Amino acid sequence: MKYLLAGDIGGTKTILRLVAADSSELKTCHEQKYVSKNFPDLVPMVETFLAEARAQGTDFGQPTQACFAIAGPVVNNTSKLTNLTWNLDGDRLAQALKLKSTELINDFAAIGYGVLGLKEDDIHTLQAGVPDEDAPIAIIGAGTGLGQGFLIKQGDTFQVFPSEGGHADFAPRSELEFQLLKYLLDKHQITRVSAERVVSGQGVMAIYQFLRDRGIAQESPELSEIVGTWEKEAGRTKTVDPAAAISQAAQKGEDSMAVQTMALFVSAYGAEAGNLALKLLPYGGLYVAGGIAAKNLPLLTKNTFLDAFTHKGRMMKLLEDIPVHIVLNPQVGLIGAARRAAAL
């Protein structure tokens, strides 16, 4: 039996997991969540984590390998976190924690490894398609930004490749979306709009403000107060989450502006997922991850997402054969980090 460390490291919180690995499965021995800024570095956090595990009577040997998923860029196994003073180096971490090897990977790469370890109840299948286990797998996930990536089978394993596809151009498909594009160009005084600016948490807000400012939909007093507070707090710590409030109101169907906002968002999301699918033909499956999808499952299971996904002219039949899954497990990145640690 060997023991591994896995972590999902963000500027706000970090989740650590101790895993026992044998030839057939990975078993969680201990898991804990920490406020990242309470520690000067990852090393004392891991040391605290292991000490707490032993104090609770967890029986384990010295971990030998570790993989930490980082919410930010990773270059040559090093990462400087944008919202923390941490400068992480895999070799330094391995030496300080007495590990044989430690790897840092981008958090979306971790999701790529993680989809390989999902169980049946961890996903919701939107489109069964015609699966091909030897074909590429695509991942896309809207959250704070828009992550994209893909997996290619190599022998009995898959190699995960990152992508910056979320920063490709937003491609409007209707008169309303062309108006949205013009609105964003003018508002931000920019010369191009990325897909991420529309398909993400900030995109929900951009669409809502567009519909409000152009008088296309009527704002309710409840959402007006929440969104107004958020706008006044620009550049400061936010006390409200208007994107969540808008999506919740849309799911209840009681706020017409929220409904229109999320309908436009879901359609743009499906279209961008279809763009990714056209480039990769991922008959191994396209997985929609990120917090927005799982939290808005009732909206994504309507026809809007799949209609936009497959609406690619002569290529429609190709996309109808691609399996499309919504990832429901919010710890898919942690699962991926553990799987990657086991493979080191």
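No value in this document is a laboratory result; all are computed from the given coordinates. Quantities reported herein were computed from a predicted structural model and do not represent experimental measurements. So basically every Cβ, Gly included, is an ideal-geometry build from the backbone, and we count neighbours across all protein chains shown.
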Next item on the list: Calculate the dipole size of the stretch 166-327 relative to its Cα centre from +1 charges on Lys and Arg beta carbons and -1 charges on Asp and Glu beta carbons; express the result in debye to the nearest 20.
Entry: 400
Next item on the list: Return the loop-located trypsin sites (Lys or Arg not before Pro) in the stretch 60-114 (DSSP other than H, G, I, E, B) with at most 14 other Cβ atoms within 10 Å of their own Cβ; answer none if there are none.
Entry: K98, K100
Check: So what's the back-of-envelope 222 nm ellipticity for the chain, counting only DSSP H runs of four-plus at -39500 (n - 2.57) apiece and dividing by all residues, rounded to 500?
Finding: -12000 deg cm²/dmol
Item checked: Residues in the stretch 319-343 that a label on T157 would reach, taking backbone N under 19 Å of a point 7 Å out along Cα→Cβ -> 333-343
Notebook entry, point to check: What pairs in K27/K100; K37/K302; K80/K252; K100/K153; K182/K279; K182/K312 have C-alpha atoms more than 32 Å from each other?
Noted result: K37/K302; K80/K252
Item checked: FRET efficiency estimate (nearest 0.05) - Cβ-Cβ, D213 to T301, R0 41 angstrom -> 0.85
Item checked: Positive minus negative residues near N76 (Lys, Arg vs Asp, Glu; Cβ under 11 Å) -> -2
Next item on the list: Fewest Cβ neighbours within 10 Å first, please rank C29, C67 accordingly.
Entry: C29, C67
Margin query: Mean Kyte-Doolittle hydropathy of -1.0 or higher plus an axial Cα length of 24 Å or more: which whole DSSP H helices in the chain meet both?
Written below: 256-280
Margin query: Under a crude label model (7 Å from the Cα following the beta-carbon direction), how far is K100 from A343 in nanometres?
Written below: 1.7
Item checked: Within the stretch 1-83, GluC sites (Glu not before Pro) in DSSP loop having at most 10 other beta-carbon neighbours inside 10 Å -> E25
Next item on the list: Give the dimensionless ratio obtained when the Cα radius of gyration of the chain is divided by 2.2 N^0.38 Å.
Entry: 1.05
Next item on the list: State the extension gain, in nm to one decimal, for the chain segment bounded by E231 and K80, taking 0.36 nm per residue of separation less the distance between their alpha-carbons.
Entry: 51.4 nm
Check: Where in the stretch 200-304 are there GluC sites (Glu not before Pro) that are in a DSSP coil and have at most 15 other Cβ atoms within 10 angstrom of their Cβ?
Finding: E233, E254
